[in-house]
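Report on the structure given below.
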Amino acid sequence: MNTVDQGKGPAVLLIHAFPLNHAMWEPQFACLTPHFRVIAPDIRGFGPSQPASPWTMEEMADDLNVLLDRFGVTTCAVVGVSMGGYIALPFWSRYPQRVRQLVLANTRARADNETEKAARNEMIAAIQANGAAILPDRMLPRLLAPNAPPDVVTLVRKMIEGVDSAGATYAVMAMRDRMDFSTAVQRIQCPTMVVSGENDVIIRLEDSRALADSIPGARYVQVPDSGHLSNLENPAAFNRVLLEFLRP
Ligand code: MLT
């Protein structure tokens, strides 16, 4: 795994969204590294040197477990945005003793419904027919609010343009086939924060609120002026709530 490992202190594992890479955490590095050891991998098939191969959310959780062993990290706060949250949940389920705190941002616990699965199949077919070049125009209007800062649009476009067709296809398959965690999350015992984006069109506010309500004691925070990528679109607000949560 191609991984950023910066800072000293309790570990924080940052898991990126689809179809991005560790660079989506750029606005968090400076705020976290004075207090924490920040570990931000590119998951399989994403980032500069990641060979693509099919994977499931559970296998990705196992990859992260191996990564933490390799880095000598016993426990960490796990922060996942969107697909990162889909991976964070099986990671918590398989390795609860490793998870000190959990941040589930712009994500959901339930599996895809039939309509969503059909949309995933349509996207897989489109990537197979035309390559990953279709992704920026399809994804940008869904990932970012219409008023997202231009430098954020440029950064996200650049990450998406770097995506390889096989990596994107396998990730969409893994999202389509992911397990339902909507009942399991009721057993989460570590401190948890659910973050939503005020203008997120992929994860509706009601879904984020319902996720927070189903996790015992979870904190719920809505990031204003942001779409699906709340950590990038409003980093000041995101970083404030993240630090408040991680450093109670
Ligand atoms: C993501 O941002 O990781 C994905 O768009 C989530 C999804 O498609 O369900």
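The values are calculated or read from the model by the stated rules, or taken from the named source; none is laboratory data. Predicted model only: the values in this text are computed from it and were never measured. Using ideal geometry, Cβ is built from the backbone for each residue, glycine included, and neighbour counts are taken over all protein chains shown. Just so you know, the surface numbers come from the protein's heavy atoms only, side chains and all, with ligands and any DNA or RNA stripped out. Shrake-Rupley method; radii C 1.70, N 1.55, O 1.52, S 1.80 Å.
Rounded if a/c is under 1.5, else prolate if a/b beats b/c, else oblate: with a ≥ b ≥ c from the C-alpha gyration tensor eigenvalues square-rooted, which is segment 201-248? Taking the square roots of the gyration eigenvalues as a ≥ b ≥ c, segment 201-248 is oblate. Among beta bridges identified by DSSP and lying wholly in the chain, the antiparallel ones come to about 15 percent.
In order along segment 54-66, the phi-based Karplus estimate (6.51 cos²θ - 1.76 cosθ + 1.60, θ = phi - 60°) of 3J(HN,Hα) comes to x, 8, 10, 4, 5, 5, 5, 4, 5, 4, 5, 4, 5 Hz; Gly and Pro are listed as x.
Taking the chain as a Gaussian network of alpha-carbon nodes connected by springs under 10 Å, the highest mean-square fluctuation of the residues THR115, THR107, THR192 belongs to THR115.
Which shape class applies to the chain: rounded if a/c is under 1.5, otherwise prolate when a/b exceeds b/c and oblate if not, where a ≥ b ≥ c are the square roots of the Cα gyration tensor eigenvalues? Present the calculation step by step, with values, prior to reporting the outcome.
Numbers: a/c = 1.26, a/b = 1.24, b/c = 1.02.
Taking the square roots of the gyration eigenvalues as a ≥ b ≥ c, the chain is rounded.
Expressed as a whole percent, the accessible surface of segment 118-227 that belongs to carbon and sulfur atoms is 52, based on a 1.4 Å probe. Around the amide H of SER196, modelled in the peptide plane, lie the amide H atoms of ASN106, VAL221, GLN222, VAL223, all under 5 Å away and 5 or more residues distant in sequence or on another chain. Count Lys and Arg as plus one, Asp and Glu as minus one, and take only other residues whose Cβ is under 12 Å from that of GLU58; the net charge is then -2. Amide hydrogen proximity for ALA77: with H placed 1.01 Å from N in the peptide plane, the residues at 5 or more positions away or on another chain lying under 5 Å are ALA11, VAL12, LEU13, ARG100, GLN101.
Classify segment 142-235 as rounded, prolate or oblate, taking a ≥ b ≥ c as the square roots of the eigenvalues of its Cα gyration tensor: rounded when a/c is under 1.5, otherwise prolate if a/b is larger than b/c and oblate if not. Oblate shape, in that a/c is at least 1.5 and b/c is the bigger or equal ratio.
If you count only protein heavy atoms with a 1.4 Å probe, what accessible area per residue comes out for the chain, rounded to a whole Å²?
On a per-residue basis, 41 Å².
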